[in-house]
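The values are calculated or read from the model by the stated rules, or taken from the named source; none is laboratory data. Keep in mind that what you see is a predicted model, and the values were worked out from it rather than measured. Neighbour counts are summed over all protein chains in view; Cβ atoms, including those assigned to glycine, are modelled from backbone coordinates with ideal geometry.
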Amino acid sequence: MIRPHRTLGLALLAVLAACGPADRKASSLSPANRPQPGATGATANFAPNDPPGEWRRQARDYANTRFSPLEQIGVGNVARLKMAWSFSDGIPYGHEAAPLVVGDTMFVVTPYPNVAYALDLSKPGAPIKWTYQPHPDPIAVGKACCDAVNRGPTYADGKLVFTLLDGEAVALDANTGKPAWRVRLGQPASGMTITMSPLVVGNAVLVGNSGGEMGVRGQLTALDLSTGKELWRGYSTGPDADVKIGADYHAPYPWLAGKDLGASSWPGDAWQRGGGTVWGWISYDPDLNLIYEGTSNPSPRVPAQRPGDNLWSSAVFARDPKTGSVHWGFQFTPHDQWDYDGVNENILIDGPIGGQTRKLLVHLDRNGFGYTLDRSTGRIVVAKPFAPLNWAKGIDPATGRPIVDPDKEAKVEEKVSNICPTHIGSKDWQPAAFSPRTGLIYADIFNICMDLTDHKVGYIPGTPYDGMDLTTHAGGKTNKWGEFIAWNPLTGERAWSIPETFMTMSGVLATAGDLVFYGTTDGWFRAVDARNGKVLWSQKLSSGITSQPMTYLGPDGRQYVAVVAGVGGVASQVMGSKNGFPPRGGTLYVFSIDGVSPGSGPGMLTTQGSKAPGAVYNAPD
Amino acid sequence: MRAMTLRLALTLLATVALGACSRSHGDSVTGPAATQLPADATLHSIPMGAPPGEPVSIAGRIANPFAGNAQAVAEGKQLFGAMNCVYCHGAQGSGLIGPALNGSGWRYGGTPAELFNSIHDGRPQGMPAWGARLPPDQIWKLVAYLQSLGDASNQPSTTGPQAADQDPADSAHQGLIAAQRAR
């Protein structure tokens, strides 16, 4: 008799949780983020501890967990998720951003032409409150390597801050949409564009750049949040003074110590056109007061033209957010021959290693290795493949350097077959999530290999400095191009995985409801039990998903889950010609339990047909 | 005299630019001295968007002096690689960052003179103005190469209706990878 009652009680609780308004401001951080039985023991600092129902930056928190403490939607009721409302921006470029929710407002920033919308969540159908059209220079469309994408806005101190494709950053008054400042950080005619989402730390807006395929030199610039004035700029290549390597710097390994490595690890002045652009994610540890920034592939993509390690391309920096001063730097792929980059997100967690709690940085690199570094020092704690790879035989524990397979090195005018992973890696920029309840990392990854022939290239400003001539194929014999994995960052092992036929290239959302959400490039949006990988809910959307799901609490106290369907970016370049690959789109879908929201859903109809004055039609009895 | 100097400088510049690329080896890319090129003034008088019903636009009356010349097409193809066109427009002009050039639709017109102007003057969505880097005869050879891809445009699309769309976002669907498979 006890069992049915318990089930009934749980069901009732679920219904109540789904329908009853909740206090949006009440802190649900605890026990929502407490490790559950069977967890790895890894936790995180969720600073700046925003209100639990809000989503103020792309990764939600400084640590880049993409974990929400909301739990109204959980494993018990997620199967009842239905669309509550939607919003289309009509733009055909790849959608890679998450919307933000602050107070009663949702903020959406589109791909080029980077239009910003504020939607009023307190009104039925979330009507547009204001629109901002920046009209960036269209020249940028033809300079962006991988589609005219944007990875979303960030909110801080009453401002909505985001980047424009043509190399600008802008801050709007979040209430009115009126620009507070707009700053140019580079010239698109030279090949520089910006696609990344800024991070705000204190009064510093941190903005990187794109153009590693065009010979653009990587840079991270800090702008004053109130004025847009430049506070500091650190380059990814060149002399120490440019990189901001000085007295604070401590090399994690001896090969990363030495004067002006950002210049001397290149032939001649090649570092000036050397890439190492900063188009990924920035995370921040308020205790160590360090930001973590990944850098892109070196330019040109042909390694024969740039002998040396090519520092600091395909690397990660730990910098002081106030000065830009580098505390340590680590290069994942020295002399990157395959376009592997180092831009992927760095998730900051704390976890037990050998009986001791360590401050860690988890980074699933494009090169296929899952790195867990000590984020105080940059030294490797764990480095194991999270996907099949063959370009390296492992990581040398003494140096942290990959042991490269000479058979898979890129060659000029000679085809090298079946290099795994392909140029976009085992996982690209699409960010993973971390749940403190399981202690696992969740990521959309790829299973793609390439046949590669290099051609030497000449540098012509504003044109691709590329030279990679490649064809791709699915790895192994599965013909599964994508996979969703749960990764134990403390041991470097998979907990479970879900293979997918099409590429999986969305961000991941983890919630205190023990759910993880991800999308596929053929348009499936799925909710999975974070503990065991069981798919609990799937919804096919109008286009493929290369954006980032998020969740929020509406003004009505209900939990919503939102994601944009609008495939594009590198996914369309790699898989666009494959049979069944969906067309483009740009629609934001917002889901709730039973599809209920103010003004919509069952029983929510507030208007009905009435007899118009002067109507002459009489219905027969 | 001044025109001569400019022409010499442009040729030198192009030679330097070509020298930077390993794939630019081989025969000279300078055309036969006797070839008569269309006058600049004529090219710049081409109106954008000829009125409907106009029997033959001025653009359609300007012929490419190198059209169908196998040597010129080969040199144009070489330039297409050396000037990095290939990494924007894809192998055989199938599209990647920039739009497809293999006849699946032309945003700014597909007559030889319109193609010349697109290359010479650049276009707003990122196409550089190559008139500052390449002498007219080399641009006409690039046009000759693009004209030679015309046959490809008559092949049925393998990627569905998106291939015919002129938006770069959609031309990216085809991708360098798909294009290189077809190489």
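Which residues, counting only those in segment A:463-473, are within 7 Å of chain B (Cβ to nearest Cβ) and without any contact (Cβ under 8 Å) to a residue 60 or more places away in the chain?
Matches in segment A:463-473: A:469, A:470, A:471.
Each row is one residue, and each column tells you yes or no for (1) within 10 Å of chain B (Cβ to nearest Cβ); (2) hydrophobic (A, V, I, L, M, F, W, C).
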| residue | (1), (2) |
| --- | --- |
| A:453 | yes, no |
| A:461 | yes, no |
| A:478 | no, no |
| A:487 | no, yes |
| A:500 | no, no |
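Looking at (1) buried (at least 21 other Cβ atoms within 10 Å of the Cβ); (2) out of contact with any strand residue (DSSP E or B) (no Cβ under 6 Å at 6 or more places or on another chain); (3) of a type in the set (A, V, I, L, M, F, W, C), find the lone condition where residue A:348 falls short.
(2)
When only residues in segment A:562-604 that are closer than 30 Å to residue A:468 by Cβ and free of Cβ contacts under 8 Å to residues at least 40 places away in the same chain count, which is farthest from the other protein chains (Cβ to nearest Cβ)?
A:579
With segment A:390-444 as the region, which strands (runs of 3 or more DSSP E) entirely inside it contain at least 1 residues that are among the aromatic types (Phe, Trp, Tyr)?
Per the criteria, A:433-435.
Here's the yes/no breakdown for (1) touching a strand residue (DSSP E or B) at 6+ places or on another chain (Cβ under 9 Å); (2) of a type in the set (A, V, I, L, M); (3) farther than 18 Å from residue A:35 by Cβ:
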| site | (1), (2), (3) |
| --- | --- |
| A:468 | yes, yes, yes |
| A:473 | yes, no, yes |
| A:481 | yes, no, yes |
| A:485 | yes, yes, yes |
| A:490 | yes, yes, no |
| A:525 | yes, no, yes |
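Considering only strands (runs of 3 or more DSSP E) fully contained in segment A:128-190, which possess at least 3 residues that are within 16 Å of residue A:226 (Cα to Cα)?
Ranges flagged: A:154-156, A:159-164, A:168-173, A:179-184.
Just one of the numbered conditions (1) more than 14 Å from chain B (Cβ to nearest Cβ); (2) of a type outside the set (D, E, K, R); (3) in a loop (DSSP other than H, G, I, E, B); (4) out of contact with any Pro (no Cβ under 9 Å at 6 or more places or on another chain) is not true of residue A:546; which one?
(1)
Out of all the residues in segment B:60-70, which are closer than 9 Å to residue B:141 by Cα and surrounded by fewer than 17 Cβ atoms within 10 Å (Cβ to Cβ)?
The answer is B:67, and nothing else.
Do you know which residues across segment B:111-128 are within 10 Å of chain A (Cβ to nearest Cβ) and without any contact (Cβ under 8 Å) to a residue 12 or more places away in the chain?
Scanning segment B:111-128 gives B:122, B:124, B:128.
Among the residues of segment A:191-200, count how many are within 14 Å of chain B (Cβ to nearest Cβ) and in a loop (DSSP other than H, G, I, E, B).
3
Of A:342, A:329, which residue is modelled with pLDDT of 95 or more, crowded, with 24+ Cβ neighbours inside 10 Å and under 16 Å from residue A:391 (Cβ atoms)?
Testing whether each residue is modelled with pLDDT of 95 or more, crowded, with 24+ Cβ neighbours inside 10 Å and under 16 Å from residue A:391 (Cβ atoms) leaves just A:342.
Here is a yes/no grid of residues against (1) within 30 Å of residue B:90 (Cα to Cα); (2) within 22 Å of the chain's Cα centre (by Cα):
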| position | (1), (2) |
| --- | --- |
| A:138 | yes, no |
| A:164 | yes, yes |
| A:228 | no, no |
| A:238 | no, no |
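Suppose we filter segment A:388-403 for residues that are surrounded by 16 or more Cβ atoms within 10 Å (Cβ to Cβ) and out of contact with any Gly (no Cβ under 6 Å at 6 or more places or on another chain); how many remain?
Final tally of qualifying residues: 7.
Within the group A:140, A:148, A:98, which residue is within 14 Å of chain B (Cβ to nearest Cβ), under 21 Å from residue A:542 (Cβ atoms) and among the small types (Gly, Ala, Ser)?
Criteria check complete, one pass: A:148.
Does residue A:448 qualify as being crowded, with 22+ Cβ neighbours inside 10 Å, within 14 Å of chain B (Cβ to nearest Cβ) and touching a residue at least 60 places away in the same chain (Cβ under 8 Å)?
Yes; evaluated as a whole, the condition is true for this residue.
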